[in-house]
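Participant: Take this structure, written in structure tokens, and hold onto it; I'll ask about it next.
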Amino acid sequence: DYQYILLERDPEDHIATLTLNRPERRNALNDVMQDEIGDAIEAVDADDSVRVLIVTGAGRALCAGGDLEQLKGGSDPGVWVSENVDDIRRSFKRTQRFMLGLQRMEKPVIAMVNGASVGAGFDLACGCDIRIGSPRARFMVAYVKIGLFPGFGGTWLYPRMLGSMGKAAEMLFTGDFMEAEEAHRLGFLNKLVPEEELESTTLEMARKIASGPPIAIRLSKLMLYRGLEFDLETAMKMAAAAETITLTSQDHAEGTAAFRESRNPKYDGR
């Protein structure tokens, strides 16, 4: 029972879909919505029947960023309007909860980008593991437009997700849009498809991932992000530990048997 999001689960395909549901505000994030996203991420992470999470937005945007009505001069006073710096700093704990939750959760996360992703909405897209978009997808850092610093982890995310310190700096300093074609060319969008094919393409990838071995995929996601901070020797030692887990799993035995028998494997995550 959420006010600003929808959370749907398909137990047959092992897929959950989290939809930001404030289309009249282009899915702008207020404090309640951030708490709900954090709750939903934790619920999905704890649900063993879910193997993949899709994140999208209702209407014609993924997310327009933070709700400006909760900032100075807005009509919906919230904690961000406070003059107390400690209140403002503590308010970002809800932001950290859901942004870190996307990366820490054991299941892969696919952003289905149906429109603009601006400011915190761009950071949200960066926080997902895979992004699939239509030609209406466009991305903007936006904080510089209103004299703000990216408080959702953007300065860490941008160079890593865009693959270029220069492109990250350009978006950060200018606030210019990155259109769908450029995002796809840079690899930020994994796939760029016609609008009418966006949902089917996203579901196709989600089903493909969900049909894979959960243990191996879980460990791969963990090491993908942890490896950004490791030296090669540490990464090799961690890889040996992770591979030991998969080599002794029932999923590995099933995968090997299916390969030898020329059939599709059926993984149980054990």
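The values are calculated or read from the model by the stated rules, or taken from the named source; none is laboratory data. A quick note: this is a predicted structure, and the numbers were derived from the prediction, not measured. Cβ sites come from the backbone with ideal geometry, for glycine too, and all protein chains shown count toward neighbours. Accessible surface areas use protein heavy atoms only, side chains included; no ligands, DNA or RNA. Shrake-Rupley method; radii C 1.70, N 1.55, O 1.52, S 1.80 Å.
Participant: At pLDDT below 95 and open to solvent by less than 60 Å² (accessible area, probe 1.4 Å): does that describe GLN70?
Facilitator: Here the answer is yes, as GLN70 does meet what is asked.
Participant: Hey, another quick one. If a residue must be part of a loop (DSSP other than H, G, I, E, B) and in contact (Cβ under 8 Å) with a residue 24 or more places away in the chain, how many such residues does the stretch 1-24 contain?
Facilitator: 8
Participant: Let me ask something else. Count, please, the residues in the stretch 138-153 that happen to be over 29 Å from PRO194 (Cβ atoms) and open to solvent by less than 20 Å² (accessible area, probe 1.4 Å).
Facilitator: Number of matching residues: 2.
Participant: Of the conditions (1) under 14 Å from MET161 (Cα atoms); (2) surrounded by fewer than 24 Cβ atoms within 10 Å (Cβ to Cβ), PRO135 fails just one. Which one is it?
Facilitator: Unmet for PRO135, out of (1) under 14 Å from MET161 (Cα atoms); (2) surrounded by fewer than 24 Cβ atoms within 10 Å (Cβ to Cβ): (1).
Participant: Can you pull out the residues in the stretch 125-155 that are part of a helix (DSSP H, G or I) and under 20 Å from ILE88 (Cβ atoms)?
Facilitator: Correct list: TYR143, VAL144, LYS145, ILE146, GLY154, THR155.
Participant: Yes or no: SER117 surrounded by fewer than 23 Cβ atoms within 10 Å (Cβ to Cβ) and polar (S, T, N, Q)?
Facilitator: No: the conditions fail for SER117.
Participant: For the stretch 161-270, which helices (runs of 4 or more DSSP H) that fit wholly inside it have 3 or more residues that are among the small types (Gly, Ala, Ser)?
Facilitator: 165-174, 198-210, 232-247, 250-260
Participant: Which residues, counting only those in the stretch 184-196, are touching a residue at least 60 places away in the same chain (Cβ under 8 Å), over 18 Å from the mean Cα position of the chain (by Cα) and open to solvent by 60 Å² or more (accessible area, probe 1.4 Å)?
Facilitator: GLU195
Participant: Filter the stretch 25-37 down to the residues that are in contact with a helix residue (DSSP H, G or I) (Cβ under 7 Å, 6 or more places away or on another chain) and not in a loop (DSSP other than H, G, I, E, B), then identify the one that is most open to solvent (accessible area, probe 1.4 Å).
Facilitator: Checked the stretch 25-37; the qualifying residue most open to solvent (accessible area, probe 1.4 Å) is ASP35.
Participant: Report whether or not ALA40 is open to solvent by less than 10 Å² (accessible area, probe 1.4 Å), modelled with pLDDT of 95 or more, among the small types (Gly, Ala, Ser) and in contact with a Gly (Cβ under 7 Å, 6 or more places away or on another chain).
Facilitator: So ALA40 does not fit the description; no.
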